[in-house]
Amino acid sequence: MIESANVKSILNLQLVTDPRWVNLAAIHTGAILTDHAYCEQKAAISCISLIQHYSSKKEIVHRLSPIVTEEWGHFRLVLQEIENRNLTLGNQRKDIYVNRLLAFQQKGGHEEGRLLDKLLTMALIEARSCERFKRLSEGLEDEGLRNFYRRFMESEAGHYTLFIDLAKLYFPSEMVAHRWQQWLTYEKEVMQSNELRGDRIH
């Protein structure tokens, strides 16, 4: 279980979410659930893409295959929550946070370097999602949604660890640690400069 005081140390995030974000999210329940649904959908698609592109890497294929199923199952759970609340799934919106992370990925150079960045990008997105879900599980007045997001928080923590483990499997630990620190520093800058919005998970 991830306790509040340990979010930064366990997930390595350098900046925690502004507590005001939960209050904004509570006002935009339909929008936050819609964005969450698409986040789960895109996570499944990203795992499929990694499997397709790195099919020769056995551990990527075997360890990400069940994650595809799990992420799509999460999409269906969020969709069911939307319907249970007599809401409708809205349109997918541009994910500025993720797009800025993608812009930081290595574009040239060796394929192996690009793989490392892809794995660390996924790890970072899962870590931030976990932290955001933790905020919702503790700060929302709606008990049903608090419990709903605690379940997702625990799942995202496991996914974050999985991507870090895969990175360490294929690359030297020192190399992973160095690049991970660069990613964490960059992500902090992204968080500081992005507008605080209650209708988005990130």
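The value of relative contact order for the chain, using C-alpha pairs under 8 Å at least six residues apart, is 32 percent. For region 13-55, what does the alpha-carbon gyration tensor say about shape, rounded, prolate or oblate, given a ≥ b ≥ c as the root eigenvalues, a/c under 1.5 as rounded, and a/b over b/c as prolate? Oblate shape, in that a/c is at least 1.5 and b/c is the bigger or equal ratio. Given the C-alpha centroids of region 120-142 and region 44-96, what is the distance between them in whole angstrom? Here the two parts' Cα centres lie 16 Å apart. Around the Cα centre of the chain, unit charges on the Cβ atoms of Lys, Arg, Asp and Glu (plus for the first two, minus for the last two) sum to a dipole of about 360 debye. Assuming charge only on the beta carbon of Lys and Arg (+1) and of Asp and Glu (-1), the dipole of region 152-196 about its Cα centre is about 200 debye to the nearest 20. Cβ-Cβ distance of residue 111 and residue 174, R₀ of 25 Å, FRET efficiency by 1/(1 + (r/R0)^6): the value works out to about 0.80. Working value for region 8-118: equivalent-ellipsoid semi-axes of 29, 20, 13 Å, each the square root of 5 times a Cα gyration tensor eigenvalue, largest first. Neighbour counts of C-beta atoms inside 10 Å place 15, 166, 115 in the sequence 15, 115, 166, starting with the fewest.
FRET efficiency for residue 86 and residue 150, Cβ-Cβ distance as r, R0 = 25 Å, nearest 0.05?
Once rounded, the FRET efficiency stands at 0.60.
Cα convex hull, region 145-202: 88 Å³ per residue, rounded to a whole number. Phi-derived couplings, Karplus 6.51 cos²θ - 1.76 cosθ + 1.60 at θ = phi - 60°, listed residue by residue for region 93-99: 10, 4, 9, 4, 4, 5, 4 Hz, with x used for Gly and Pro.
With point charges of +1 on the Cβ of Lys and Arg and -1 on the Cβ of Asp and Glu, referenced to the Cα centre of region 20-193, which listed residue (186, 89, 160) lies farthest in the positive direction of the dipole? With unit charges placed on the Cβ atoms, the residue in question is 186.
Between 0 and 90 degrees, the angle of helix 29-53 with respect to the longest Cα principal axis of the chain falls at about 20 degrees. With contributions of -39500 (n - 2.57) from each DSSP H run of at least four residues, the per-residue ellipticity at 222 nm computed over the chain stands at -25500 deg cm²/dmol.
Projected onto its three principal axes, the C-alpha set of region 20-193 covers 48, 33, 26 Å, listed from the longest axis down.
Quick note: the coordinates plus some simple rules give every number you see, no bench work behind them. Just so it is clear, the model here is predicted, and its values are computed rather than measured. A quick note on method: Cβ atoms are made from the backbone with ideal geometry, for glycine too, and the neighbour counts reach across all protein chains shown.
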